1. Kindly indicate which of F137, F125, F174, F166 is under 27 Å from R314 (Cβ atoms), within 16 Å of the chain's Cα centre (by Cα) and hydrophobic (A, V, I, L, M, F, W, C).
2. Just give me the residues in segment 316-335 being in contact with a Ser or Thr (Cβ under 7 Å, 6 or more places away or on another chain), open to solvent by 30 Å² or more (accessible area, probe 1.4 Å) and closer than 27 Å to L186 by Cβ, in sequence order.
3. Suppose the filter is under 30 Å from L57 (Cβ atoms), modelled with pLDDT of 90 or more and among the hydroxyl-bearing types (S, T, Y); does T274 pass it?
4. I need the full set of residues from segment 92-139 which are within 16 Å of ligand 2 (Cβ to nearest atom), assigned to a loop (DSSP other than H, G, I, E, B) and either in contact with a helix residue (DSSP H, G or I) (Cβ under 7 Å, 6 or more places away or on another chain) or within 26 Å of A183 (Cβ to Cβ) (or both), in order please.
5. Sort out for me the helices (runs of 4 or more DSSP H) sitting completely within segment 161-219 that have 1 or more residues that are more than 16 Å from ligand 1 (Cβ to nearest atom).
6. Could you list, in sequence order, the residues of segment 223-238 that are at pLDDT 95 or above, surrounded by fewer than 23 Cβ atoms within 10 Å (Cβ to Cβ) and either within 12 Å of T263 (Cβ to Cβ) or out of contact with any strand residue (DSSP E or B) (no Cβ under 9 Å at 6 or more places or on another chain) (or both)?
7. For segment 202-222, name all the residues that are more than 25 Å from I59 (Cβ to Cβ) and open to solvent by 70 Å² or more (accessible area, probe 1.4 Å).
8. Scan segment 64-101 for residues that are polar (S, T, N, Q) and modelled with pLDDT of 90 or more and jot them down.
Amino acid sequence: MASTTTKASSSETKDDGVTDEAVLMVHEETEVAIEDLPGVGPATAEKLREAGFDDLLAIAVMSPSELAEQAELGEAVAGKIIAGAKKMANIGGFVSGAALLDRRREVLKLSAKVQSIDDLLGGGFETQALVEVYGEFGSGKTQIGHQLAVNCTLPTEEGGLDGDVFYIDTEDTFRPERITQMARGLGLEPEAVLGRIHVARAYNSAHQMLLVDEIKRLSRGLNVKLIIVDSLTSHFRAEYVGRGMLAERQQKLNRHLKELKQTADINNALVLVTNQVHSKPDAMWGDPTKPVGGHVLAHASTFRLYLRKAKGGRRIARLVDSPNLPDGECIYQVTEEGLRD
Ligand code: GTP
Ligand code: MG
């Protein structure tokens, strides 16, 4: 992956700002230091780093007010820094279809290690994507999260991403014992797998959002390939109750999703979020099989998987709203060793 780094120094010399490089991606943080940005002295650089902004792309994609708030800078200064970062990271404008294709070529696929699921997804879970897994309680959302966390640590030849995982647990349902079972099920050393899965319990929605910043901060030196939020919506649902708070809740969720996606894109990683559907019909929410979060989530997610239970302990996953794959269903099982065909 390191060889695909956008060479900001070479693209800098081209005045049209568009090269054939995969200009949207900056994987390495070090080629152009943030100190090289206009208006950034050692003290400002320190503030930026403290706030988790240690590469150009992370800065370039911020809004002035957000950067000002997070890095404790003046908004005008933040604006200047962002403009500089945009120029140097070369993301400030339209890119050619060829450049986008290059970026798509970097997409990696994480195998579910279940043939039927991989087939449904055209080979596995893609990086640079946000996947929403939704379904009723007990439908197996958390099981998918655990399984993908384990699989992510596998070498690429075996369908993994040889990557580190960040797991934001909002319902206190992460179980290392379950990881151990699933790791053994794949012939992996449980300790090694657990060592690569970094788990944080989020106590409320504000904390949940802060944890994304924490991921940015901690990801240096790691090969972050999967970020899981299980569940994305439970705190938001509990805290923003009633119609009067709907708009604010959606705004917060939207921002949270954007930050997750951004963090994933910087790392060429995948985001997986879980979401419950309401089992009881409810006037306010309409269709009981529609996931919480409404339009914000529908637009933010690249893939949506709807899970449900079937007879004989089997599970059905339905692919919904994929941009480039046909909708369809597959059947699998949850066993002691993990998900199986
Ligand atoms: P909520 O978070 O409550 O909305 O549910 P969820 O969709 O996250 O469900 P979860 O992934 O927790 O699925 C729970 C189900 O997985 C259980 O009812 C079991 O059927 C299955 N399961 C969990 N652990 C095991 C296990 O060790 N062995 C087997 N065979 N099944 C398991
Ligand atoms: Mg769960």
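1. F125
2. Hit for segment 316-335 is I331, nothing else.
3. Judged against the criteria, T274 is a match.
4. Across segment 92-139, the qualifying residues are F137, G138, S139.
5. The qualifying helices (runs of 4 or more DSSP H) are 190-195, 205-218.
6. The answer is H235, and nothing else.
7. Correct list: Y203 only.
8. Of everything in segment 64-101, just one residue is polar (S, T, N, Q) and modelled with pLDDT of 90 or more, namely S65.
The values are calculated or read from the model by the stated rules, or taken from the named source; none is laboratory data. Computed from a prediction, not measured in an experiment: that's the story for all the values here. Note: ideal-geometry Cβ built from the backbone for every residue, glycine included; neighbour counts use all protein chains shown. To get the accessible areas, we keep the full protein, side chains included, count just its heavy atoms, and leave off ligands, DNA and RNA. Shrake-Rupley method; radii C 1.70, N 1.55, O 1.52, S 1.80 Å.
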